[in-house]
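**Q** Attaching a single structure in structure tokens format; questions to follow.
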């Protein structure tokens with residue numbers, strides 16, 4: 001009996017993934033940051049090979065960077081994860097006019113569970129963060145009480161759900177939350193879910209009637225801030241996870257978004273390997289500074305956390 005095209009493609013992907021896992025078994029994969037100055041138009045064509053790498057120590061990785069500008073200075077918030085614990089926390093570093101770090105980064109939010117994807121947004125003059133905390137099956141909003149290093153939880157907007165990479169934005173009079181959800185056989189890397197509310201601090205979010213908006217390993221999972229590009233284009237970065245988690249990046253234009261409709265069209269795509277890295281899975285831009293992350297292969301590591 002011959003396999004259908006869909007099953008055959010799945011088997012081929014599985015075989016390829018297993019071969020890569022075997023090849024990487026005694027190596028350590030390290031996410032690092034990229035940064036550089038650019039105009040808004042560059043968001044639709046990021047050119048990561050022109051950005052400057054910022055490498056962490058070899059005992060940890062840095063990923064999911066988000067930019068904020070405060071009193072004329074640039075700060076990048078990111079996931080910092082030591083290999084020894086496997087538990088991420090949120091750190092921040094200041095970048096100078098050459099997009100290089102001004103001193104060491106420092107931890108700003110630590111919990112007794114894993115944190116990542118420190119999404120930042122402003123609402124009514126206050127700065128907020130929505131770090132990923134799928135381990136707790138919760139989506140919490142933190143408010144900044146002293147920039148950049150003091151934060152407090154002010155609202156739980158989802159509870160009892162495994163949601164990652166929560167990305168909020170305002171569009172046509174509504175606040176939207178996009179994220180990937182794991183449930184009922186669905187996996188994070190293949191799903192895009194959407195919810196909307198009148199305010200980002202709402203305790204009642206209405207699910208989009210088409211949820212999941214997308215099931216596609218190649219372009220569903222969020223990969224950073226959704227921005228209004230040149231001429232008002234609504235641009236969404238997403239991950240390409242077909243070959244591996246975070247293998248590459250996409251930018252798509254959302255051309256239709258209502259409580260009952262969703263349409264987006266591809267604008268840009270690139271894999272990490274195309275620019276000489278192992279993987280690449282995040283993009284952010286704010287007020288002239290672009291940041292991304294990429295993954296490199298370090299030497300052989302035979303320890304339990306290698």
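**Q** Name the residues in the stretch 68-96 that are in a loop (DSSP other than H, G, I, E, B) and more than 22 Å from residue 113 (Cα to Cα), would you?
**A** Of everything in the stretch 68-96, those that are in a loop (DSSP other than H, G, I, E, B) and more than 22 Å from residue 113 (Cα to Cα) turn out to be 71, 72, 96.
**Q** Suppose the filter is modelled with pLDDT under 95, more than 27 Å from residue 123 (Cβ to Cβ), surrounded by fewer than 18 Cβ atoms within 10 Å (Cβ to Cβ) and out of contact with any helix residue (DSSP H, G or I) (no Cβ under 8 Å at 6 or more places or on another chain); does residue 299 pass it?
**A** yes
**Q** Could I ask something else about it? List, please: which pairs have Cβ atoms under 9 Å, are six or more places apart or on different chains, and start with a residue in the stretch 43-57 that is without any contact (Cβ under 8 Å) to a residue 24 or more places away in the chain and on the phi > 0 side of the Ramachandran plot and end with one that is surrounded by 13 or more Cβ atoms within 10 Å (Cβ to Cβ) and outside any strand (DSSP E or B)?
**A** 47/38; 47/275
**Q** Let me ask something additional. Answer yes or no: is there a residue in the stretch 260-274 that is in contact with a strand residue (DSSP E or B) (Cβ under 6 Å, 6 or more places away or on another chain), surrounded by 16 or more Cβ atoms within 10 Å (Cβ to Cβ), in a loop (DSSP other than H, G, I, E, B) and touching a residue at least 60 places away in the same chain (Cβ under 8 Å).
**A** no
**Q** Just to check your reading of the model, which residue among 56, 46, 65 is closer than 25 Å to residue 266 by Cβ, part of a loop (DSSP other than H, G, I, E, B) and either modelled with pLDDT under 95 or in contact with a strand residue (DSSP E or B) (Cβ under 9 Å, 6 or more places away or on another chain) (or both)?
**A** 46
**Q** Can you tell me how many residues within the stretch 113-135 are touching a residue at least 24 places away in the same chain (Cβ under 8 Å) and over 16 Å from residue 175 (Cα atoms)?
**A** The qualifying residues number 9.
**Q** Being surrounded by fewer than 16 Cβ atoms within 10 Å (Cβ to Cβ) and free of Cβ contacts under 8 Å to residues at least 60 places away in the same chain is the filter here, so list the residues in the stretch 187-204 that pass it.
**A** 187, 198, 202, 203, 204
**Q** Still on this structure: Scan the stretch 228-246 for residues that are in contact with a strand residue (DSSP E or B) (Cβ under 7 Å, 6 or more places away or on another chain) and crowded, with 22+ Cβ neighbours inside 10 Å and report the count.
**A** Adding up the residues that qualify gives 8.
**Q** Quick test for you: out of 217, 262, 178, pick the one residue that is at pLDDT 95 or above and touching a helix residue (DSSP H, G or I) at 6+ places or on another chain (Cβ under 7 Å).
**A** After ruling out the rest, the residue left standing is 217.
The values are calculated or read from the model by the stated rules, or taken from the named source; none is laboratory data. These numbers were taken from a predicted model, which means no experiment stands behind them. Reconstructed Cβ throughout: ideal geometry from the backbone, glycine too, with neighbour counts over all protein chains shown.
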